[in-house]
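Notes follow once the structure below has been shown.
The values are calculated or read from the model by the stated rules, or taken from the named source; none is laboratory data. Computed from a prediction, not measured in an experiment: that's the story for all the values here. Note that we place each Cβ from the backbone using ideal geometry, even for glycine, and neighbour counts take in every protein chain shown. SASA here: full protein model, heavy atoms, side chains in, ligands and nucleic acids out. Shrake-Rupley method; radii C 1.70, N 1.55, O 1.52, S 1.80 Å.
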Amino acid sequence: MLVLSRRPNESIVINDKIVITVIEIRGDKVRLGIEAPRDVPIHRSEVYEAILKSSEAVDEPAK
């Protein structure tokens, strides 16, 4: 895992196409802005895990 330090309004760039900007730091929460092509899905990890579980349930044969 790459760990970077950023301050508000500073960004990181991924593969020339995705820009992640620190919008605000308030207490223990960080607000991020993400610019990416429309064809790149972006989900919070808990939402992504739920999507995976849901698709696994659909893919499993009925018993």
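Miscellaneous remarks
- Here the 3J(HN,Hα) profile of region 25-34, calculated from phi with Karplus coefficients 6.51, -1.76 and 1.60 at θ = phi - 60°, is 10, 9, x, 9, 10, 10, 9, 10, x, 10 Hz, Gly and Pro shown as x.
- Sulfur and carbon atoms: percent of accessible area, the chain [1.4 Å]: 53 percent
- Under 13 Å, Cβ to Cβ, from A50 - net charge with Lys/Arg +1 and Asp/Glu -1: -1
- Charge tally in the Cβ shell below 14 Å around I23, where Lys, Arg are +1 and Asp, Glu are -1, I23 excluded: +2
- Whether the chain is rounded, prolate or oblate, judged on the alpha carbon gyration tensor where a/c under 1.5 counts as rounded: prolate
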